[in-house]
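One structure is given here, and the rest of the page talks about it.
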Amino acid sequence: MFWWTVGAFFAGVLGANIVGVFVIAAHADLTDPVPFALVFLGQAGGSFALVWLFSARASSGSLAADVGLVLRPSDWWALLAGMGLQIAAALMTYPLVDSLFPDGAPQQGVAGITAGTRTTFEVIVIFLSVAAVAPIIEEIIYRGMLLSWLRRHMGQWAAIIVSAAIFAGLHLVDWNARAAVPGLFLIGVVLGWVALRRGDLSLAIPIHAGVNLLAAIMLVWGDEMAEWAERQLEELDTLNAVVHWIIGLL
């Protein structure tokens, strides 16, 4: 299964490049949300094609049995758990990231693309790519295939840690993502533990989706949310001043 896992990763790279060629030929800007989403879907499609080939040719033919691809509507609450995991990972790794990047962490390429959404259609496309497709294909590769293979050759926690390190490390394909690596490693550890505990990806996928969903929300609407919070604080300060003024009249 190891070489199939490696193949799934590079099939994704090939799929992204093939779609990218057509996008560039159409004179579209790869940094715009929709062209980016198309390239990402090419990547996901390439990876999934090889996963399907692995299941059909080298295993049982059932994606549920071979790579743990199971989704249960009753696990919807895991989206909220994923959001909580994202916050926890950010808080736990903040001191390290702040010490490594005192002038501010570099912005990932996908952050700029996501923050550049302007229309409702672009927002929908980005959210489907980041919070739906990405969690499924990444969980299949890193937990459904890689972690399963590692578990056969080492102990449970060693397999979880190694798979989490690979999951986080491969995000360095975008060098600007290096500040996110510590948090991604912690998230990968949790997702690996959940996948082995559950025995399939039914819980890991929605947790991963929740992680990505919160990140996408903050990237798309983070500035507006911060401005709203600042206005509320200003109103509270004003209200506090009025209350004290009234008290002073008594």
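The values are calculated or read from the model by the stated rules, or taken from the named source; none is laboratory data. Keep in mind it's a predicted model, so treat the numbers as computed, not measured. Positions of Cβ are generated from backbone atoms using ideal geometry, with glycine treated the same way; all protein chains shown enter the neighbour counts. Accessible surface is based on the protein model in full, side chains and every heavy atom, while ligands, DNA and RNA are left aside. Shrake-Rupley method; radii C 1.70, N 1.55, O 1.52, S 1.80 Å.
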Test item: Cα-centred dipole of the chain, Lys/Arg +1 and Asp/Glu -1 on Cβ, debye: 1280
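Report the net charge of residues surrounding Ala159, where surrounding means a beta-carbon distance below 14 angstrom and charges are Lys +1, Arg +1, Asp -1, Glu -1.
Values: positive: Arg143, Arg151, Arg152, Arg197; negative: none.
Net charge in that neighbourhood comes out at +4.
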Local electrostatic count, Asp237, Cβ distance below 15 Å [Lys/Arg +1, Asp/Glu -1]: -2
Protection-proxy order for peptides 32-42, 14-24, each taking the mean of Cβ atoms within 10 Å per residue, highest first: 32-42, 14-24
log₁₀ of I(q)/I(0) at q = 0.14, 0.21, 0.26, 0.30 Å⁻¹ - the stretch 87-128, Debye sum with one point per alpha carbon: -0.50, -0.77, -0.86, -0.96
Alpha-carbon spread of the stretch 10-134, three principal axes, descending order, Å: 51, 41, 31
For Ser202, residues with placed amide H under 5 Å, excluding near neighbours: Val70
DSSP H segments from the chain that extend 15 Å or more along their own axis, Cα-based, with Kyte-Doolittle mean of -1.0 or above: 2-25, 33-53, 78-100, 156-169, 181-198, 204-249
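Which whole-number value in Å² is the accessible area per residue of the stretch 1-93, probe 1.4 Å? The partial results should precede the final answer.
On the way: 5290 Å² over 93 residues.
Per-residue value: 57 Å².
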Top of Ala81, Ala131, Ala105 by mean-square fluctuation, Gaussian network on the chain, Cα under 10 Å: Ala105
Fraction in percent of alpha-carbon pairs per bin - 5 Å, the chain: 1, 6, 11, 15, 18, 16, 12, 8, 4, 3, 2, 2, 1, 1, 1, 0, 0
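Which of the peptides 177-190, 204-217, 57-70 is most tightly packed, and how do the rest follow, going by the mean number of other Cβ atoms within 10 Å of each residue? The partial results should precede the final answer.
On the way: 177-190: 20.4, 204-217: 23.9, 57-70: 16.0.
Result, highest mean first: 204-217, 177-190, 57-70.
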Accessible surface of the chain [probe 1.4 Å, protein heavy atoms]: carbon and sulfur percent: 69
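Ranking request for peptides 82-92, 192-202, 135-145: highest mean number of other beta-carbon atoms within 10 Å first, then the rest in descending order.
Details: 82-92: 17.3, 192-202: 19.5, 135-145: 24.7.
So the order, starting with the most tightly packed, is 135-145, 192-202, 82-92.
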